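Everything below concerns the one structure shown next.
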Amino acid sequence: MVKAGLACALLAVPLAAAAQNAHTREAAFTHADSLRGSLTSPERTWWDVGFYDLHVRIQPADSSIRGWNGITYRVVRPARVLQIDLQQPLAVDSMVQDGRPVPFRRDGNAFFATLPAPPPAGAIRTITVYYHGRPQVARRPPWDGGFTWTTDSLGHPWIVTTDQGVGASIWWPNKDTQADEPDSQRIALTLPDSIFDVSNGRLRRVTPNGDGTTTYEWFAVNPINNYAIAVAAGTYTHFGEVYQGERGPLTLDFWPLAYHLEAARRQFVQAASMLKCYEHWFGPYPWYEDGYKLVEVPNTGMEHQSAVAYGNLYANGYRGQDWSGTGLGMKWDFIIVHESAHEWFGNSITAKDNADMWVHESFANYAEGLYTECLMGKDSGAVYIRGNRNWIHNDRPIVPAYGVNAQGSGDMYAKGGDMLHTIRQIVGDDEKWRGILRGLNRTFWHQTVMGSEIERYISDHAGTDLSKVFDQYLRTTMVPVLEYRIAGDSLSYRWTSVVPGFAMPVAVTLTDGVYTDIHPTEAWQTTALHLADRAAFKVDPDYYVIPRDVGSGPAAGR
Ligand SMILES: [Zn+2]
């Protein structure tokens, strides 16, 4: 099976190339990487974004844009210099605060604006950035970001944006870090009359300008990732339904291209069953006020908050493929199921640093297994998750360097999902596990987090310290090996290929047909075995570990 790449991350490029690429980048982070990725730079931390008021005129005739963003912020501590990101070749025309121009200097993709005086702590200010230019064209969306200027199969213009990873500053000026989200955002986009724009949140106003253009004013009333803000303008039609969810009625709005209406009516019924499953496991959908939408796009899809971009050709699987290789992935639409999971893990709970992207992708991958479980039962869900091990590479750690906008291995999907599945086995109580998943969403609701906070929460609520488990799976490429030997009625066992102190319990058959937890460490231990046939010895396959029979010789280290 040729894996073209998953939605919403780096797997677009063939895996080996992606690994090599990222490896090269890790070897030498640039000044620009530090500017873009820093969570601690003084020019970013003294002001807290409250509102983005984004207005952009999109001109397909020459692939250019022109607009402004009013950035309202609260002063955390008085300072004068703000870093505002906008990527080349776009140009800032001016910045204005309190009716006065603000001088600025450019350093690559970052602009440093210097206020005449530091505003007092607690003050609310708005700096407006005017800009224009021809934004980067996405070469391979959704993985490679920028604008896509294309046409649908009837030749109508179709314009969308994608920018996860590369950053929203590829098309609009903002504080381009996942660590600071506005409390709400307006997205007012002006486009040729012939196409309709669907962005995030709710459509407040459609204003024909009388010059061949129309302005679509969308508004998200919740905190939102900057990379979730998107253009999707085309010849759309609309249908919808109201879903009765945990927090009451939730509007579901579907925006297929007009000629895909019938296909969309068939395929998008999966949105309701997805919501039912995820609300059960994760808690309420995070954006009742902004609604849930699926918007057809010419790329595979992306987790644009409250307006999930959909490009899966109205068929189950992932563009006709099943990542798990089990056939179970063909029972549902990968893009609806995977991208929508990001509404909980990614959009509501957002990693501050791209290095913790596993908080988005490991849970979204794991969610695919839960959805399979919701449809077809617990065993099927487990088979699906285990099937995903086929594309774990253990090439690089899932968590790379912090503070430089680096992305870890593509193993953040399948290996991360298998890590969570393994932790579910350790917890050993499905209701408790569900309580942890819901508790994460309740505790970190609409927040940006460090991955360590997620690790700690799970450890604290699992009733056992999982820090070595996270270290092992997130920060090394080693798969734990359970070495064992059977001698008569005794089983000797130990962990190897593990981080120091790794002592994860694992379930094995000590008696016929029954899994019992053992607690291996790096030292050999021995326990009694009651199997009619030693060949019947099994390690529970739901743990992502490698069992290795080291034979009948004397066990090392005993
Ligand atoms: Zn994803």
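Let me know the shape class of segment 406-462, please: from the alpha-carbon gyration tensor, a ≥ b ≥ c as square roots of the eigenvalues, rounded when a/c is under 1.5, otherwise prolate if a/b is greater than b/c, or oblate.
Cα axes put segment 406-462 in the oblate bin.
Using the alpha-carbon centroid of each, what span in Å lies between segment 128-176 and segment 209-282?
20 Å
Tally Lys and Arg at +1 and Asp and Glu at -1 over the other residues with C-beta under 13 Å from the C-beta of Thr214: what net charge comes out?
Around Thr214, the charge tally is -2.
Please list 295-307, 190-202 highest first by mean number of surrounding beta-carbon atoms within 10 Å per residue.
295-307, 190-202
What figure in square angstrom, to the nearest 10, would you give for the accessible area of Asp411 with a 1.4 Å probe?
Taking all protein chains as shown, Asp411 has close to 0 Å².
Loop-only trypsin sites (Lys or Arg not before Pro) in segment 45-151, please: DSSP not H, G, I, E or B, and at most 11 other Cβ atoms within 10 Å.
The qualifying sites are Arg139.
With the other protein chains left in place, how much accessible area per residue, in square angstrom, belongs to the chain at a 1.4 angstrom probe?
The answer is 36 Å² per residue.
Diagonalise the Cα gyration tensor of segment 317-452 and give the resulting equivalent ellipsoid semi-axes, square root of 5 times each eigenvalue, largest first, whole Å.
23, 18, 14
Only Cα pairs under 8 Å and at least 6 apart count here; give the relative contact order of segment 217-267 as a rounded whole percent.
Rounded, it is 28 percent for segment 217-267.
Using a 1.4 Å probe and counting only protein heavy atoms, arrange Asp183, Asp418, Asp429 so the residue with the most accessible area comes first.
My answer, sorted largest first, is Asp183, Asp429, Asp418.
Compare the peptides 128-137, 240-249 by average per-residue count of other Cβ atoms within 10 angstrom and give them in order, highest first.
My ranking of the peptides, most packed first, is 128-137, 240-249.
By its C-alpha gyration tensor, with a ≥ b ≥ c as the square roots of the eigenvalues, how is segment 424-496 shaped: rounded for a/c under 1.5, else prolate for a/b larger than b/c, else oblate?
Note, shape of segment 424-496 comes out oblate.
Could you calculate, for segment 268-351, the ratio of the Cα radius of gyration to the Kirkwood radius, expressed as Rg to Rh?
0.96
If you take the beta carbon distance between Ala503 and Thr207 as r and set R0 to 60 Å, what does 1/(1 + (r/R0)^6) give as a FRET efficiency, to the nearest 0.05?
So, using R0 = 60 Å, E works out to roughly 0.40.
Along the positive direction of the dipole of the chain (beta-carbon charges: Lys, Arg +1; Asp, Glu -1; about the Cα centre), which of Ser199, Ala414, Ala315 reaches farthest?
So the residue we want is Ser199.
Excluding Val399 itself, calculate the net charge of residues whose Cβ lies under 11 Å from the Cβ of Val399, where each Lys or Arg counts +1 and each Asp or Glu counts -1.
-3
Would you work out the charge dipole size for the chain about its Cα centre, treating the Cβ of every Lys and Arg as +1 and the Cβ of every Asp and Glu as -1, and quote it to the nearest 20 debye?
The dipole magnitude comes to about 740 debye.
How big is D, in µm² s⁻¹, for the chain by Stokes-Einstein at 4 °C and 1.567 mPa s if Rh is the Kirkwood radius over C-alpha pairs?
Answer, rounded: 52 µm²/s.
So, with a 1.4 angstrom probe, what is the percent of accessible area on the chain that is carbon and sulfur?
Its accessible area is 53 percent carbon and sulfur atoms.
Which one of Pro101, Ala462, Tyr130 is farthest out on the positive end of the charge dipole of the chain, using unit charges on Cβ (Lys, Arg +1; Asp, Glu -1) and the Cα centre as origin?
Pro101
May I ask which residue of Ser380, Thr40, Phe444 lies farthest towards the positive end of the charge dipole of the chain, with charges of +1 (Lys, Arg) and -1 (Asp, Glu) on Cβ and the Cα centre as origin?
Thr40
Before rounding to the nearest 500, sum -39500 (n - 2.57) across all DSSP H runs of length at least 4 in the chain and divide by the residue total; then give [θ] at 222 nm in deg cm²/dmol.
Dividing the helical sum by the residues of the chain leaves -7000 deg cm²/dmol.
Tell me, what ³J(HN,Hα) does each residue in segment 393-402 have, in order and in whole Hz, if you take phi through Karplus 6.51 cos²θ - 1.76 cosθ + 1.60 with θ = phi - 60° and put x for Gly and Pro?
10, 6, 7, 9, x, 5, 9, x, 5, 8
The values are calculated or read from the model by the stated rules, or taken from the named source; none is laboratory data. What you are looking at is a predicted structure, and each value in this text was computed from that prediction instead of being measured. A quick note on method: Cβ atoms are made from the backbone with ideal geometry, for glycine too, and the neighbour counts reach across all protein chains shown. SASA here: full protein model, heavy atoms, side chains in, ligands and nucleic acids out. Shrake-Rupley method; radii C 1.70, N 1.55, O 1.52, S 1.80 Å.
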